[in-house]
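The values are calculated or read from the model by the stated rules, or taken from the named source; none is laboratory data. Since this is a predicted model, take the numbers as computed values, not measurements. Because the Cβ atoms are built from the backbone with ideal geometry, glycine has one as well, and the counts that use them run over all protein chains shown. Note: areas computed on protein heavy atoms with side chains; ligands, DNA, RNA excluded. Shrake-Rupley method; radii C 1.70, N 1.55, O 1.52, S 1.80 Å.
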Amino acid sequence: MLLRDLLADLDYQIIQGSDDIDINMIQNDSRRVGEGDLFFCISGAVSDGHDYAEDVAAKKAAALLVEKE
């Protein structure tokens, strides 16, 4: 599914790249991210998904959805 279709009803801003990309899976666990996945960087009580942004980029995640810069 295209990223823009997944985000159709949300108010979002593209920081880099395009929303015209295919997404394989949606993940919030960096250990499970595969090539083409969308990773949600969520600030949790125990850990912050933003800390794993570089790791999931190295795993060739297609996109990261973030709360903070």
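Computed extension length for Glu69-Glu35: 10.0 nm, one decimal, from 0.36 nm per residue of separation with the Cα-Cα distance subtracted.
Please state the relative contact order of the chain as a whole percent: Cα pairs under 8 Å, 6+ residues apart?
On the way: 104 pairs, mean separation 18.8, N = 69.
About 27 percent, as a whole number.
Taking label points 7 Å from Cα along the Cα-to-Cβ direction, Ala58 and Val46 give a separation of 2.2 nm.
Using the heavy atoms of the protein chains alone and a 1.4 angstrom probe, what is the accessible area of the chain per residue in square angstrom?
Numbers: 5160 Å² over 69 residues.
Ligands and nucleic acids excluded, the figure is 75 Å² per residue.
Modelled label positions at Asn24 and Leu2, each set 7 Å beyond Cα in the direction of Cβ, lie 2.1 nm from each other. Using a probe radius of 1.4 angstrom, the carbon and sulfur fraction of the accessible surface of the chain is 46%. Qualifying chymotrypsin sites (Phe, Trp or Tyr not before Pro) in the chain, where qualification requires a DSSP coil assignment and no more than 15 other C-beta atoms within 10 Å, comprise Tyr12.
The helix-only estimate of mean residue ellipticity at 222 nm for the chain, built from DSSP H runs of length n ≥ 4 each weighted as -39500 (n - 2.57), is -3000 deg cm²/dmol after division by the residue total.
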